[in-house]
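J.: The structure follows.
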2 protein chains.
Amino acid sequence: MSILSSTPASQDYRPVDKAVMKRLATIFPQDRISNSEVDLFTYAYDATKKQYPPQVVVWPETAEEISALFSIANEYRIPVYPRGAGTGMTGGALALRGGILVSMERMDSIIEIDEKNRLVTVQPGVVLATLKTELQKKGLFYPPDPSSAKTATIGGTLAECAGGLNCVKYGTTKDWVQSIKAVLPTGEVIRAGTKARKNVVGYNLLQLIVGSEGTLAIITEATLRLIPYPPHRSTFVAQFDSVRNSANAVQSMLQSGVTPCALEFIDRISLEAAHSHVEDKTLPVCDALLLVEVDGFDLDEVKRDSHVLSKICADNGANEITLANSEEERQACWDIRRSLSPAMYAKAPYKTNEDICVPSSQFPTLLEKAYEIADRNHVLTLCFGHAGDGNIHVNFMSHKEKDPDVEKAVDELFQAVVALEGSISGEHGIGITKAPYLAYEMNEKERSLLVDIKKVFDPAGILNPDKIVV
Amino acid sequence: MSILSSTPASQDYRPVDKAVMKRLATIFPQDRISNSEVDLFTYAYDATKKQYPPQVVVWPETAEEISALFSIANEYRIPVYPRGAGTGMTGGALALRGGILVSMERMDSIIEIDEKNRLVTVQPGVVLATLKTELQKKGLFYPPDPSSAKTATIGGTLAECAGGLNCVKYGTTKDWVQSIKAVLPTGEVIRAGTKARKNVVGYNLLQLIVGSEGTLAIITEATLRLIPYPPHRSTFVAQFDSVRNSANAVQSMLQSGVTPCALEFIDRISLEAAHSHVEDKTLPVCDALLLVEVDGFDLDEVKRDSHVLSKICADNGANEITLANSEEERQACWDIRRSLSPAMYAKAPYKTNEDICVPSSQFPTLLEKAYEIADRNHVLTLCFGHAGDGNIHVNFMSHKEKDPDVEKAVDELFQAVVALEGSISGEHGIGITKAPYLAYEMNEKERSLLVDIKKVFDPAGILNPDKIVV
C-alpha cells in the first residue's frame, strides 16, 4: 500500500486552513465534518490501493449543503472530491490534492418506489445491494450488478457507469438511469432527464454526467428504471479443453436468439487461484470454463433456453456441462466468480487489473494476445470476465509494487486492444490509472473536447481535478 | 405552406455570394453543387411544412469534403445546414438563414455488415427502410422504426434520436448506436465510441452528439448494434368503450413481465379520420383502440405471450379482441397506424402535432387534460401514439395556419405535461417549433449549459444555428 503525499506541489489550490474550516463549520454541524487523522485515512483509499488523504471530510445531507460547499470551494479555490463507497478501480474517488472529501454516505434514502412506472428514486448513498433487496421484495429488478454491489453506492455506480455480470443481457448503469438531480461545481442545482421514458429535449446532459467519474457534477438524486423481477433462472458450467473452443461457443450462443443474463469466461490459472483462495471446488479447474445463466418469467422457457445454450456448448466441444441443481449450488458458482478478483493475490501480492473490451468476435484473439504479451514480458497473467460483452479482466500479477515489466505489458495490451477496435476501459473508467493511456483511444481533438466540456461545468477546476484527462 | 424569407435581418452571417461559390467549387464538382431555383426550393422544406430555401446546396461524398466546407464557412461565417431526408417534425433541417445546405443523400453506402459482432457500419444517407431490408436478408434486426422509416435517413434518425412504434420493447435510436465518425464545425474529424460493446473512456461524446439535432457535428459514419431478427410475431386489436379502461389495460400489460414490441393507442376521432382517409376498415371505430404486437424467436412462446396480453385486455373491459390471422392482416393494421398522421388532414387542413411524453401511469390523466384543454380553447384534437411509453401524439387541428387558439392549447398542454413530470418532446426534438417552450422543461442554468456546450463544438456558431436554444 502506498501512502502518497496528499498535497502535490501546486500553487493553484489553497489548502484547507483554519479560515476555511471555520467557513465549512457554518454549513456542516460538528458530527458531519472531520479532519481527524482516523477519518482522513479512512477516506484516503479506494480499490486501487493507492492512498491520498483529504484535508477534511464532510457528510452532506442535502443538495443545498453541497451547493454552499461549492461556493466556499470556489471562493478559496479548494479541490472537492465526491465519494461513494470507494470501490472504484481507477482512482476516481481519490483526493489527489487533499482538499475537501465529500462523502455521500448519509444521503442514503430510497425516496420513492414508483411501482406503476417501474421507477425508483434514490439518494446517491444507497448501497446497490440494499436497493436490489428492497426492490426484490416488491417483485422489481434493477439489473446493474458490479461485483462490488454489496458495498458500492448508487452514486458511485452512476459516476463510473458501472457494469458487471449481467450486461450481456441488460447493458450497463447508463442504460437504467431515467433522470438525475445534481449540483454543479458552480453551485447551481440541475435536473437532467424527466420521469418520461422518452425525452429528446436539449442535449443529453444525463448521459454526459453519468460516467463522468464525478468530474462534472455531484449527483444528489437519481431516478432509475426497473423491470419486473425475473423469478426463474438456470445456471450451468461448461468445461472446455481449449480457449478457442470456448470462444466459439460464446459466438454461437450470442447468435442463437437466446440471450443469457450472464456469460462469463474463466481461464485455468484463475480457476487455480480460486481453488487456493477458497475451500469450495464448485468451479472445476480446466483450460477454459464458461459460467452461463439464463433468467426469465416462465420456468419452462428458462429451462428450454438453458438447454439451447448448453447444447451449443456441447456442440462446440465442451467436455463436461454441469447444471446448478439448487439455488445453493447456483449461489456457490457466483460467489466464486465474485471472489476471483481477491483470489488473484494467491498468485502474487500485486495485481494490475485491466478491464479492456473488444468486439466479441475478437475475444479469442485478445486472449491470445494477452497471454503472448504476458509471456514476452515475463509477467504472470490471469484472465476472466464478461465473455458475452468482449469485456475481459486481464490481470497482470507481480511481486513488486512498481514493476516495469507489468507497465510494459499494460502498454502493449492497450495498443493491441485499440488495434482490435476495442476500448481500454469497458467498465472501470479512466480516473488516474488509465489517464496516461487516454491518447491511445482518443485523438487530440477528442481529448480537447473533454477538457472544454469540463470547463463549461467547472470553470475554476475545483471538482475532482486531475482525473480522466491529464 | 409558408414560404418565409431565407435571410432574416442579420449582420452576423455573410450571404453566399460569387466569391463563396467559387471557393465551394474547389471542393464540389459541378454535379454536386447547385444554386438553381428548383434545388433551393426542393431542399427548403421538412415535415413542419415550413420552407426556408438555402442559398446553395452541396452533396458531399466524404468527411474530408465536409471538413473543407467548414473551413470556408468559418472563414466567411456562413451558416451550414446538414439534411437527411427532411422528414423531421420540428424544423431541425431547415435552412433558417439561407446559407449552405449539406445534403447527405449521396453518402448512402452500407459499409459493412459485421454478422459476428451483430454490428452494421453505414454512411448517414442510407434510408432506414433500405437498411432494415438488407439486414433482414441476413437474419438481422435494427429495431428503431419511426413512421417515416421508408424515407428517413440514418443520419437524420441519429441527429433527432428517432423513436417510433417499437420503443416500448427496444428503446430509441440512441440505444442502438455503437459509435460514430463525425466532422466538427471546426473541421476536425472525430470518432465517438468504439466497436466494443462497453466503453467508459472519457465523457459520453457519442450520446452528446446523437440527438443534438445536427447542431454539434455532422455524422459521416455510424456503427449500429443489431440483434437476430425475431421471425415470429402476433398482433391483435383490442376495442374499448372507455379510454380509462384501455389505459388500465396498458398498465397491467406493462407489469405482466411480457413486453410487447408495440403497444399503440388510437382514439375514436383518429379512427374516424383514418376511415375517411383510407378505404380500409381494418381498424374499427371505437372509443379507444389498442394495437398490440409481440415478437420473438419461438412461435409457441409468441402465441403464449400474445394470449397473456389479450387476456389482460379482456380482463380490463375490452369488448372485442381481434387477432391478425395473416401477415396481410397484420400489415394492414400497421399501414393504417402509419397513415394516421396524414389522415388527420381529413378533419382540418392545419395540424399541430405535439409528441409529448409522460410517465406511463399518467397516460390516462394526460389524455383527459389534452381533451379538456382542446375543449376549453375550442380546438379539435386527435390523440394516438405509443401508449406503452406514455408518448402520445396530441394533434390540434385548425382551419387557420396561424391559430391563436391552437397556440394557447399547445402552451397549456406543455405546462400540463411538465406538471405530470413528463417531457415536451418524446421523439421529435426541439428544433425551431418547440424552442420557445424549452424553458418549461429546462431551467436557466440547464439551458446555459446547452449554449456553452454548443460553443465548445462550434465557436463561430455556423452549424445549424438558431435551433434548440434561442
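The values are calculated or read from the model by the stated rules, or taken from the named source; none is laboratory data. Since the model is a prediction, treat every value here as computed from it, not as a measurement. Ideal geometry is used to build each Cβ from the backbone, glycine not excepted, and the neighbour counts take in all protein chains shown. For the accessible areas, the whole protein counts, side chains as well, though only heavy atoms, and no ligand, DNA or RNA atoms are used. Shrake-Rupley method; radii C 1.70, N 1.55, O 1.52, S 1.80 Å.
J.: Using 0.36 nm per residue of separation minus the Cα-Cα distance, give me the extension gain between B:Ser252 and B:Thr62 in nm, one decimal.
T.: 63.4 nm
J.: Say the cut-off is 29 Å between C-alpha atoms; which of A:Lys138/B:Lys116; A:Lys311/B:Lys303; B:Lys281/B:Lys311 go over it?
T.: Pairs exceeding the cut-off: A:Lys138/B:Lys116.
J.: Shape verdict for chain A, please, from the Cα gyration tensor: rounded (a/c under 1.5), prolate (a/b greater than b/c) or oblate.
T.: prolate
J.: Between A:Asp175 and A:Glu407, what is the FRET efficiency for a Förster distance of 41 Å, r being their Cβ-Cβ separation, to the nearest 0.05?
T.: That pair, A:Asp175 with A:Glu407, gives E of 0.75.
J.: Give, ordered by residue number, each residue of segment B:99-139 whose 1.4 Å probe accessible area is reduced by a minimum of 20 Å² on adding the remaining protein chains to the chain alone.
T.: B:Lys116, B:Asn117, B:Arg118
J.: How far, in nm to one decimal, is A:Lys150 from itself in the other copies if the label point is set 7 angstrom along Cα toward Cβ? Shortest first, please.
T.: 5.8
J.: Would you mind getting the accessible area per residue of the protein assembly as shown, heavy atoms of the protein chains only, 1.4 Å probe, in Å²?
T.: It amounts to 36 Å² per residue over the protein assembly as shown.
J.: Helix B:243-254 against the longest principal axis of chain B: what's the angle in degrees, Cα atoms only, rounded to the nearest 10?
T.: 80 degrees
J.: Per the 1.4 Å probe, what fraction of the accessible area of chain B, in percent, lies on carbon and sulfur atoms?
T.: 50 percent
J.: Sequence gap at least 6, Cα distance under 8 Å: using those rules, report the relative contact order of segment B:156-197 to the nearest whole percent.
T.: On the way: 35 pairs, mean separation 11.7, N = 42.
So the answer I get is 28 percent.
J.: Still on this model: Just give the residues from segment A:289-306 buried by at least 30 square angstrom of accessible area in the all-chains context relative to the isolated chain, probe 1.4 Å, and say none if nothing qualifies.
T.: The answer is A:Phe297, A:Glu301, A:Arg304.
J.: Where both partners of a DSSP beta bridge lie in segment B:1-155, what percent of those bridges are antiparallel, to the nearest 5?
T.: Values: 8 of 17 bridges.
So the antiparallel bridges amount to about 45 percent of the total.
J.: For chain B, calculate the relative contact order in percent as a whole number, restricting contacts to Cα pairs under 8 Å that are 6 or more residues apart.
T.: 14 percent
J.: Continuing with the same structure: Keeping all protein chains in the complex and leaving out DNA, RNA and ligands, what accessible area do you get for B:Thr130 with a 1.4 Å probe, in Å² to the nearest 10?
T.: 70 Å²
J.: If you rotate chain A onto chain B, whose Cβ in A ends up lying nearest the axis, and how many Å away is it?
T.: Reported as residue, whole Å: A:Gln207, 2.
J.: Measuring from centroid to centroid over Cα atoms, what is the spacing of segment A:319-364 and segment A:241-316 in Å?
T.: Going from one Cα centre to the other spans 11 Å.
J.: Looking at this model, which pairs from B:Lys22/B:Lys174; A:Lys132/B:Lys434; A:Lys195/B:Lys454; A:Lys174/B:Lys369; A:Lys137/A:Lys195 are more than 28 angstrom apart at the alpha-carbon?
T.: On the way: B:Lys22/B:Lys174 39 Å; A:Lys132/B:Lys434 39 Å; A:Lys195/B:Lys454 25 Å; A:Lys174/B:Lys369 32 Å; A:Lys137/A:Lys195 23 Å.
Listed pairs above 28 Å: B:Lys22/B:Lys174; A:Lys132/B:Lys434; A:Lys174/B:Lys369.
J.: Using alpha carbons only, how many angstrom separate the centre of segment B:401-470 from the centre of segment A:392-470?
T.: Each part's Cα centre sits 36 Å from the other's.
J.: Report the longest stretch of chain B that contains none of the GluC sites (Glu not before Pro) sitting in a DSSP loop with at most 12 other Cβ atoms within 10 Å.
T.: On the way: sites that count: B:Glu279, B:Glu401.
That gives B:1-278 as the longest site-free run.
J.: Extending each Cα 7 Å along its Cβ direction at A:Arg32 and B:Thr365, get the distance between those two points in nm, one decimal.
T.: Each label point is offset 7 Å from its Cα along the Cβ direction, giving 3.0 nm.
J.: Based on the Cβ-Cβ distance from A:Tyr440 to B:Asp241, what FRET efficiency comes out when R0 is 45 Å, to the nearest 0.05?
T.: Plugging the Cβ-Cβ distance into 1/(1 + (r/R0)^6) gives 0.10.
J.: Then there is this: Label points 7 Å out from Cα along the Cβ direction at B:Ser276 and B:Asp300: separation in nm?
T.: Distance between label points: 4.9 nm.
J.: Quick check on segment B:62-123: take the gyration tensor over C-alpha atoms, sort the square-rooted eigenvalues as a ≥ b ≥ c, and tell me if it's rounded (a/c under 1.5), prolate or oblate.
T.: Oblate.
J.: Is segment A:1-130 rounded, prolate or oblate when judged by the Cα gyration tensor, a ≥ b ≥ c being the square roots of its eigenvalues, rounded requiring a/c under 1.5 and prolate requiring a/b larger than b/c?
T.: The shape class here is oblate.
J.: Enter the Cα centre distance for the pair segment B:95-111 and segment B:47-69, rounded to the nearest angstrom.
T.: Cα centres, segment B:95-111 to segment B:47-69: 4 Å.
J.: One decimal, nm, shortest first: give the distances between the label point of B:Lys455 and those of the same position in the other copies, each label point 7 Å from Cα along Cα→Cβ.
T.: Distances between equivalent label points, in nm: 1.0.
J.: Towards the positive end of the charge dipole of segment A:349-470, with charges on Cβ (+1 Lys, Arg; -1 Asp, Glu), say which of A:Phe414, A:Leu438, A:Pro459 has the farthest Cα.
T.: Of the candidates, A:Pro459 comes out farthest on the positive side.
J.: Can I ask one more? Taking 30 Å as R0, compute the FRET efficiency from the Cβ-Cβ separation of B:Asp335 and B:Lys138 and round it to 0.05.
T.: On the way: r = 25 Å, r/R0 = 0.85.
Efficiency computed from Cβ-Cβ geometry: 0.75.
J.: At 7 angstrom along the Cα-to-beta-carbon line, where would the label on B:Asn325 sit relative to the other copies? Give the distances in nm, shortest first.
T.: Relative to the other copies, B:Asn325 has label-point distances of 5.0 nm.
J.: Still on this structure, please answer the following. How much accessible area is lost when chains A and B come together, counting both sides, with a 1.4 Å probe, in Å² rounded to the nearest 100?
T.: Roughly 6200 Å².
J.: Please report the net charge: other residues with Cβ closer than 14 Å to the Cβ of B:Val200, K and R +1, D and E -1.
T.: Charge balance near B:Val200 sits at -3.
J.: Taking a 1.4 Å probe, which of B:Val102, B:Val278 shows the most accessible area, and what order do the others take after it?
T.: B:Val278, B:Val102
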